[in-house]
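The values are calculated or read from the model by the stated rules, or taken from the named source; none is laboratory data. The shown structure was predicted, so the numbers you read here are calculated from the model rather than taken from an experiment. Glycine gets a Cβ as well: all are built from the backbone with ideal geometry, and neighbour counts include every protein chain shown.
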Amino acid sequence: MAAIANLPSLPLRTGGLLSAAISEENSCARQLRGGAWAGSNLVASSSSSVSIASSSSLSLVARFGGEVRGRGSFFRGDQTVLFMIHRLVCACNGGGQRQGTVCYASDRDVENAGYQMNGDPQRIEEQPYGIPDKKVPERWDVVGLGQAMVDISASVGDDFVERLGLVKGTRKVVNHEESWKVLRDIDGRDYKVSAGGSLSNTLVALARLGMASSKNSAQNVAMTGSVGSDHLGDFYRTKLLRANVHFLSQPVVEGTTGTVIVLTTPDAQRTMLSYQGMSSIVNFDTVLASAIAKSRVLVVEGYLWEISQTIDAIAQACEAACQQGVLVALTASDVSCVTRHRQQFLDVMCKSTDILFANADEARALCGFGENSTPEQAAKHLNQFCPLVSVTDGARGSYIGLRGELVFIPPAPCVPVDTCGAGDAYAAGVLYGLLRGIPDVKGMGDLAARVAAIVVGQQGTRLKEEAAVELAESVNSLSDLLDTRLMELMGMKDQVQPKKISSV
């Protein structure tokens, strides 16, 4: 740390999503040319600026604190953001920035920062950061209630997951310090930063499918949840809005946005570490109540059950939706979450849920079935209590039950790259088929399977715009059936009475 006193402090500005000043007047900077900062560290302290210095280990030391304002936004010393600044400064240095130059980074630069460190760093150009100005629709086709999290995704080996003491394929809730430790461990690897979360994956795919449809107007999609008033929160809301998903909730002042670290192994399995941040604050407030009243479908993310204080808000939101004739869709989200909160899931499912999305393990857990039971058995059982049930079983296909009629949906062909987001994409396909009036369950399921296959065959959890165009064009839009289809499903509420779910 003594080396810092001998170097000039350079100002940190927030011209883009992230920004950092660089200096070439010290030995560390000379060592860093060509992206040689991989493996260096960032340390927060109380100084009001960023300084770059060399230490005995030639590591990078960044010192800053408080907040630095610029262009209507402000930057805080969040360790996750520090990690990303480190990578972006590497890219900027490799791109030939001169002494004292401020390095600007757009949201796209942040997403791809990890890919810029492999011998050919890209220059990061200035792009002013701001939330796009879009008119808020009077009514919504779909409103989602869920966790707003920024995803940091990296490809790792099985040994990396084992070294962290994690069970591959599971999701673990961690604190800020644990999250930072893992971020340091993935330093030097390829990674991607995106506005993530299970629910937002579904909503973005749904919005893109709606925008791509040439015969129908775009679907109005919105989300409610909680982000902090930090740059990651701005990043999250901006990314959603650019995908035509409106984030309705106001950011929590002085709050920190939640993050999810997604570790993908060569077998395409993903292990997730979730730092909740402000995403744990979910209230049934006037914003949510108003959005529900103006919506056709409310989608509730199952991960919310991990947060005990949100359960009352979920129940209130679902009850309000039912009273106003709004369809309620529930995602089971995670088998361990279902196991821990099974009774709360069942209470909401039996009282107010019209559509249930679950994978085979989650469906078995909801039923209380053992491992020897089949996804088909679980889907049939759950369909007694919920009008429309979707149970996915990976490469083995899926089942959709509608009013007791169970249909097997074969998987769409693909070469798996990353299974993260497959279930979210499948749910988007079902909702899109429902909203567009696809008249048969098989057609709806086949579309959902195709959406999921595209996401599984790519790196990243979001359905890309070009893929959405191709999918939407393949659908014979039957808009005249839309209201009939929705009303048919709504009418099933009266036919399905809450019952006690028993196990085998």
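Computed quantities for the displayed model
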read-out: Elements of type strands (runs of 3 or more DSSP E) in segment 256-314, at least 1 residues being touching a Lys or Arg at 6+ places or on another chain (Cβ under 7 Å), under 21 Å from L232 (Cβ atoms) and not acidic (D, E); value: 258-264, 270-275
read-out: Failed item in (1) touching a helix residue (DSSP H, G or I) at 6+ places or on another chain (Cβ under 6 Å); (2) farther than 22 Å from A313 by Cβ; (3) of a type in the set (S, T, Y), with T264 passing the rest; value: (1)
read-out: So D141, is it surrounded by 11 or more Cβ atoms within 10 Å (Cβ to Cβ), at pLDDT 90 or above, assigned to a strand (DSSP E or B) and touching a strand residue (DSSP E or B) at 6+ places or on another chain (Cβ under 9 Å); value: yes
read-out: Hey, H176 surrounded by 20 or more Cβ atoms within 10 Å (Cβ to Cβ) and either farther than 29 Å from F357 by Cβ or not assigned by TED's automatic domain parsing to the domain that holds R436 (or both) or not; value: no
read-out: Any chance T202 is among the β-branched types (V, I, T), at pLDDT 90 or above, closer than 19 Å to S274 by Cα and not in a loop (DSSP other than H, G, I, E, B); value: yes
read-out: Residues being outside any helix (DSSP H, G or I) and hydrophobic (A, V, I, L, M, F, W, C) - total across segment 173-199; value: 5
read-out: Candidate set: segment 315-337, residues that are part of a helix (DSSP H, G or I) and under 19 Å from the mean Cα position of the chain (by Cα); chosen: the one nearest to N283 (Cα to Cα); value: C337
read-out: S398 being of a type in the set (S, T, N, Q), assigned by TED's automatic domain parsing to the domain that holds T331, within 27 Å of D267 (Cα to Cα) and surrounded by 23 or more Cβ atoms within 10 Å (Cβ to Cβ); value: yes
read-out: Number of positions in segment 430-475 that are farther than 22 Å from L406 by Cβ and among the β-branched types (V, I, T); value: 6
read-out: Some residue of segment 491-503 being under 20 Å from the mean Cα position of the chain (by Cα) and either at pLDDT 85 or above or surrounded by 14 or more Cβ atoms within 10 Å (Cβ to Cβ) (or both); value: no
read-out: Hits in segment 459-477 (condition: in a loop (DSSP other than H, G, I, E, B) and out of contact with any Lys or Arg (no Cβ under 7 Å at 6 or more places or on another chain)); value: Q459, T461, R462, K464, N476
read-out: Test for L447: is it part of a loop (DSSP other than H, G, I, E, B), surrounded by 23 or more Cβ atoms within 10 Å (Cβ to Cβ) and modelled with pLDDT under 95; value: no
read-out: Of all residues making up segment 314-323, the number that are in contact (Cβ under 8 Å) with a residue 40 or more places away in the chain and closer than 16 Å to G146 by Cβ; value: 2
read-out: Top-ranked residue in segment 450-466 [being β-branched (V, I, T), at pLDDT 90 or above and over 14 Å from G397 (Cα atoms); ranked as surrounded by the fewest Cβ atoms within 10 Å (Cβ to Cβ)]; value: I454
read-out: Out of S279, S308, sole residue that is modelled with pLDDT under 95 and out of contact with any strand residue (DSSP E or B) (no Cβ under 8 Å at 6 or more places or on another chain); value: S308
read-out: Residues (surrounded by fewer than 22 Cβ atoms within 10 Å (Cβ to Cβ) and either of a type in the set (V, I, T) or farther than 16 Å from S308 by Cβ (or both)) located in segment 273-287; value: I281, D285, T286, V287
read-out: Residue check for Q219: assigned to a loop (DSSP other than H, G, I, E, B) and more than 22 Å from Y303 (Cα to Cα); value: yes
